[in-house]
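The values are calculated or read from the model by the stated rules, or taken from the named source; none is laboratory data. Computed from a prediction, not measured in an experiment: that's the story for all the values here. All Cβ positions, glycine included, derive from the backbone under ideal geometry; neighbour counts span all protein chains shown.
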Amino acid sequence: MHKLFSDIGKKLQTLAGVITIAGIILSVILGIVLIALGSWVTGLIYIVVGTLASWIGSWILYGFGEIIIKLKQIAENTENQNNSQADFTYGQTVSFVPDDVSKPKSDISNLH
C-alpha cells in the first residue's frame, strides 16, 4: 500500500487538529480586525462563534478518523483469529462421536 494512504485514520485526526487551530487563529485575527475597525459586537461574535465552530466542527473529522482506526483494529483482530484456528477446510467431515460408541457391546446382561 502506498505510504500516502497508510495510517489514514491518524492522519485525519491530525488534520482535524490543524484545521481547528487554523480556524481559531483566523477567527481571532478577523475578530481583532473588526474590533479595530470599530465594529466591537461583530468582532466579539466572530471571535467567540468562530472559535467554537472551528472546535466543534473538527469533532466530525476526528471522529471519522477514530472510526477508521477502530475498523482497522477489528479487521486485524478478525484476521488474527482466523489464522490462529486449527486448519479446517470447507467440506471436511468432523466427527464428535466417541470411538467406542460404534463398537457393539457383547455383554448386555448387565442392563437393569
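Go through 45, 29, 68 for me and flag whichever is in contact (Cβ under 8 Å) with a residue 60 or more places away in the chain and either aliphatic (A, V, I, L, M) or part of a helix (DSSP H, G or I) (or both).
68
Condition test on residue 53, is it farther than 18 Å from residue 19 by Cβ and either of a type outside the set (Asp, Glu) or modelled with pLDDT of 90 or more (or both)?
No, not satisfied.
Could you list, in sequence order, the residues of segment 8-38 that are exposed (fewer than 15 other Cβ atoms within 10 Å of the Cβ) and either over 35 Å from the mean Cα position of the chain (by Cα) or of a type in the set (D, E, K, R) (or both)?
10, 11, 32, 33, 36, 37, 38
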